[in-house]
Amino acid sequence: MILQQFWGRLEVRLHQLVILMSLLLICTSPWIFIGRQLSPHAGFWDVFHVYGGLFTAVLALLFTYHICSAGQWRQFFPWLTLDLKPLLVDLRGLMHGELPHSGGKGLINIIEGFGVIVLLLVALSGAIWYVADPSNALMWRSYHILFAQAFIGFVVVHFILAIVHIRDLF
Amino acid sequence: MSQILLIHSSVHGYTQKICEYLQRQLVAQDQHVTVTSLAEAPDLAGFDKVFIGASIRHGKHRPALYQFIEAHSAELENKPSGFFSVSLVARKPHKNTPETNTYMQQFLSQSTWKPKLLQVFGGNLDYQGYGAMDRNIIRFIMWMTKGPTDPNTKVEFTDWHKVDQFAQQIIEA
């Protein structure tokens, strides 16, 4: 019961927490110097990136559960069941200059679904980098950077879509 | 007497409040009404009419709403049913009908269920009821759209007379 109440409170804040932690990790990443492993003389931002990143990985898993539970995964990943009609409607609309609506199984939800996949890839590659044998660590570091760059691209697109949505409010 | 099911997709509890108000209006007219959340909705087969009310979260109706509709589309299509959307945008006179409200049009474009009875209601603005990030984002949006920005604002934009009319439409559906 207490766990359920805690989950209920956390669930509504997960999106904000993921955004906040992701932005902190992205914005402070130019200041970190980590190669194979966290050195004993690591600075604050190095330690923050590793443990803040592991915390964000847990948030990413919880967020994925949140958006996928009770069959909701079908709304974000309709391509898994080849349910592409709403996407095609949105793409046809775009060709005629109509911006897609949020919700349902359309383009915007599919983009958000891809964002979650990339977030999980960033988290997974970061976690493996943390536990990897030093001989493989640099390879996982490069994967982590690649996925993080893809995630930054997603954040930019997500932000632009949020700004576009503001037109609905006037 | 009809067995009516009112389902709410509510984040801060205001859509539930509208459903409970509708319930009181309908019970006063001898209808048997059950109010439930989307997550706890019973088997729709036990009801003569089904109506769903949903609020807006981060610029859209929640994914769980669309998933529920998809899972129950046959029952929703075959019974008298309807949908209402609750949003702060619906406080504006030129956005407060199903035809002019962006969120209702968004819903109709994405939902597999196209209910005949539709309505939009203005929502509740309670800055102190939101987290700090939501509160300030909404204040910023309100500033842009010339709405109230005082952090202590607590105002219901719902036209309750319109809710009464909707209750009557539910009975007649």
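So which chymotrypsin sites (Phe, Trp or Tyr not before Pro) in region A:18-118 pass both tests, a DSSP loop state and at most 14 other Cβ atoms within 10 Å of the Cβ? Could the numbers behind the result be given before it?
On the way: sites: A:31, A:33, A:44, A:45, A:48, A:51, A:55, A:63, A:65, A:73, A:76, A:79, A:114; in loops: A:33.
Those that pass, being in a loop and sparsely packed, are A:33.
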Requested in this report: Report the label-to-label distance for residue A:81 and residue B:71 in nanometres (one decimal), using points 7 Å from each Cα along the Cα→Cβ vector.
Outcome: 1.1 nm
Report summary line: Listing B:19, A:68, A:27 by rising number of other beta-carbon atoms within 10 angstrom, fewest first, gives A:27, A:68, B:19
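What 222 nm value per residue comes from the helices of the protein assembly as shown, counting each DSSP H run with n ≥ 4 as -39,500 (n - 2.57) and dividing by all residues, nearest 500 deg cm²/dmol? Intermediate results must be reported in sequence, preceding the final value.
On the way: 13 runs with 186 residues, N = 343.
One gets -17500 deg cm²/dmol as the mean residue ellipticity at 222 nm.
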Query raised in the report: Along the principal axes of its C-alpha atoms, what lengths does chain A span, in descending order and rounded to whole Å?
Result: 56, 44, 36
Query raised in the report: Dipole size in debye (nearest 20) for the protein assembly as shown around its Cα centre, Lys and Arg Cβ +1, Asp and Glu Cβ -1?
Result: 600 debye
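Please work out the Kirkwood hydrodynamic radius for the protein assembly as shown, using every pair of different C-alpha atoms, and report it in angstroms with one decimal place. List each step's numbers first, then the result.
Working: mean 1/r = 0.0452 Å⁻¹.
Kirkwood hydrodynamic radius for the protein assembly as shown: 22.1 Å.
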Query raised in the report: With no solvent and one point per C-alpha, what does the Debye sum give as log10 I(q)/I(0) for chain B at q = 0.11, 0.15, 0.16 Å⁻¹?
Result: -0.44, -0.82, -0.93
Query raised in the report: Given H placed 1.01 Å from N in the peptide plane, which residues other than close sequence neighbours of residue B:88 have an amide H under 5 Å from its amide H?
Result: B:123
Query - Efficiency of FRET between residue A:149 and residue A:2 - r from beta-carbon atoms, R0 35 angstrom, step 0.05 - result: 0.30
Report task. With r as the distance between the Cβ atoms of residue A:69 and residue B:30 and R0 = 41 Å, compute the FRET efficiency 1/(1 + (r/R0)^6) and round to 0.05. Result -> 0.60
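Assuming R0 = 25 Å, what is the FRET efficiency of residue A:17 and residue B:159, from their Cβ-Cβ distance, to the nearest 0.05? All intermediate terms of the calculation are to be shown ahead of the outcome.
Details: r = 36 Å, r/R0 = 1.43.
Working from the Cβ atoms, E equals 0.10.
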Report summary line: Rounded to one decimal in nm, the spacing of the 7 Å Cα→Cβ label points at residue B:94 and residue A:99 is 1.7 nm
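Quick note: the coordinates plus some simple rules give every number you see, no bench work behind them. Just so you know, these numbers come straight off a predicted model, no measurement behind them. When we count neighbours, we look across all protein chains shown, and the Cβ atoms used for this are built from the backbone with ideal geometry, even at glycine.
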